[in-house]
Amino acid sequence: MWVYEKKLQYPVKVSGPNPKLAKSIITQYGGPDGELAASLRYLTQRYTMPLPQAKAVLTDIGTEELAHMEIVAALVYNLTKDASIDQIKAAGMEGYYADHDKALYFVNGDGVPWTASYIQSKGDPITDLYEDMAAEEKARSTYEYLIQLSDDPLATDVLRWLRQREVVHFQRFGETLEQMYDYLNRKKYY
Amino acid sequence: MKKRPYPDRTLARAYIPDQVYSDRWGPMEGLKKGTIFPDLYRPYVKGVQKSKPESQKKAGYQAPGQSALGAAQRKGLLEIQAIEFTLVELNLYLDTHPNDRQALNDYNNAVRQLHTLKRNYEARYGPLANFGSAPSKYPWQWIEEPWPWESNY
C-alpha cells in the first residue's frame, strides 16, 4: 500500500509565469518517457519478478517516480498558474487551455494523451529489465532536451536534478540485470 | 579455432559493473547534487554553460495572496528532505547490495536521525504523512495549506 508524505522530494521554485516552457515540460508528466510511464511500468512489472531484490528495486524506484511526477506537476503548475491569456496564446497553449484551463492533464508537449502503449510488462525478467534501463536513458535524454529549451535557471535546476536521478536508476536496474542473469544461469543467449 | 577475446563474457547481452560502496556526500550536498554518490554523479553541461553558483540564483517568485511556509518550517522541512534523500539513495543501494554491512549501518543511523527530525517537526507543524504518521491538533491539520506544489514550499 502507499503512504503520501506532504513534501516534494526536491524543492521546486520558478522565476515567473512561463507557459511556453510548461508546454514542453509537460511531456515528463504525460508523455512517452515521462514519470507516469516510468512509475506504472516499474510498479506493474514487479509482480512477476522472480528475485526479491528485483521486486524491491522495482517497487522503490516505481514509488520514487511517482514523487518525480509530483515534481514535474509542481513545475508545470507554477509556470502556468499566473500566466495571462495573452501569454497562453503566445505560448501556443490555447488548445490545452480550452480543454483544461490550467489544470494538469496527462499529455505530451503536443497534446497527445498518455497511453499504456508507452509501457511494456513482458513477463520475461531479463526483457523487462532491459526495458527499464532503456526507459531511464530515454528519460535522461528528455531532461537534457528540456534543459536545452529552458530559459528559466530555477526550472533548469530542477530538470538537472531529475536527470541525475535517472542515471542512478539506470545503475540499479543494471545491477539487478546482472543478478538476474546469474540467477537464471542461462545457457542459451538471444 | 579463434580464441574469444573476453573469455569471461558472453555475446548478446549487456554488462553493468557493480557499484562499490565508497565516497558519499553528506545529506545537504547529496540532495543538491541529486545523488549522494560521487561515483554516480554525471553533470550535464549545456554547451559551455555551467550551472550558476548558489549566490547568483534568484529566489522563486510568490503570487500575491498565496500562503507560504515560514522560514523555520521551511528549514525544518529541508533538513528532513536532505536526510530522507540520503535514505532513498541508501535504500536503493541496499536493494542490490543486501550484504553491505557498512551501508546498512549508515542506513540505520540515518533512520534514527530522520525519526528524531520528523518527531520534532510533526509535534510543531502537524502530520507529514496521511493515514497515521502522527497525531493532529484540532482542527484536522492534514488539510492545511500550502500543499507541496504551491510555490516556495
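Take the cross-link list B:Lys32/B:Lys75; B:Lys33/B:Lys118; A:Lys13/B:Lys33; A:Lys23/A:Lys89; A:Lys6/A:Lys55; A:Lys6/B:Lys137 and give me the ones stretching past 19 Å between alpha-carbons. Don't skip to the answer; put the middle values down first.
On the way: B:Lys32/B:Lys75 15 Å; B:Lys33/B:Lys118 23 Å; A:Lys13/B:Lys33 16 Å; A:Lys23/A:Lys89 12 Å; A:Lys6/A:Lys55 26 Å; A:Lys6/B:Lys137 17 Å.
Over 19 Å Cα-Cα: B:Lys33/B:Lys118; A:Lys6/A:Lys55.
Its Cα centre serving as origin, region A:18-106 has a Cβ charge dipole (Lys and Arg +1, Asp and Glu -1) of approximately 140 debye.
Can you give the relative contact order of chain A as a percent, counting alpha carbon pairs under 8 Å and 6+ residues apart?
On the way: 248 pairs, mean separation 58.1, N = 190.
After rounding, I find 31 percent.
Net charge dipole, region A:70-190: roughly 400 debye, given to the nearest 20, about the Cα centre with Cβ charges of +1 for Lys and Arg and -1 for Asp and Glu. For chain A, the longest principal axis of the alpha carbon atoms and the long axis of helix A:35-45 meet at an angle near 20°. In summary, the aspartates and glutamates within cross-link reach of A:Lys122, defined as a Cα separation below 15 angstrom excluding same-chain residues under 8 places away, comprise A:Glu131, A:Asp132.
Using only the alpha carbons of region B:79-149, what is the convex hull's orientation-averaged projected area in square nanometres? Show your work: numbers first, answer last.
On the way: hull surface 22.9 nm².
Result: 5.7 nm².
Rounded to the nearest 10 degrees, the angle from helix A:52-80 to the longest Cα principal axis of chain A is 10 degrees. Hull volume per residue, based on the alpha-carbon atoms of the protein assembly as shown and their convex hull, is 172 Å³. Ordering A:Thr27, A:Thr63, A:Met49 by the projection of their Cα atoms onto the charge dipole of region A:18-106, which places +1 on the Cβ of Lys and Arg and -1 on the Cβ of Asp and Glu, puts A:Met49 at the extreme positive end. Think of region B:65-153 as a dipole: +1 on every Lys or Arg Cβ, -1 on every Asp or Glu Cβ, centred on the Cα centre; then among B:Leu94, B:Tyr138, B:Ala71, B:Tyr138 lies furthest on the positive end.
How big is the dipole moment of the protein assembly as shown about its Cα centre under a simple scheme where the beta carbon of each Lys and Arg is +1, that of each Asp and Glu is -1, and everything else is neutral? Debye, nearest 20, please.
660
Placing unit charges on each Cβ (+1 for Lys and Arg, -1 for Asp and Glu) gives chain A a dipole about its Cα centre, and among A:Ser39, A:Ala155, A:Gly109 the Cα reaching farthest toward its positive end belongs to A:Ser39.
Laboratory data are not the source of any read-out in this text; all were calculated from the coordinates shown. Here the structure is a predicted model, which is why all the values come from computation and not from measurement. Heads up, the Cβs are rebuilt from the backbone with ideal geometry, glycines too, and the neighbour counts pull from every protein chain shown.
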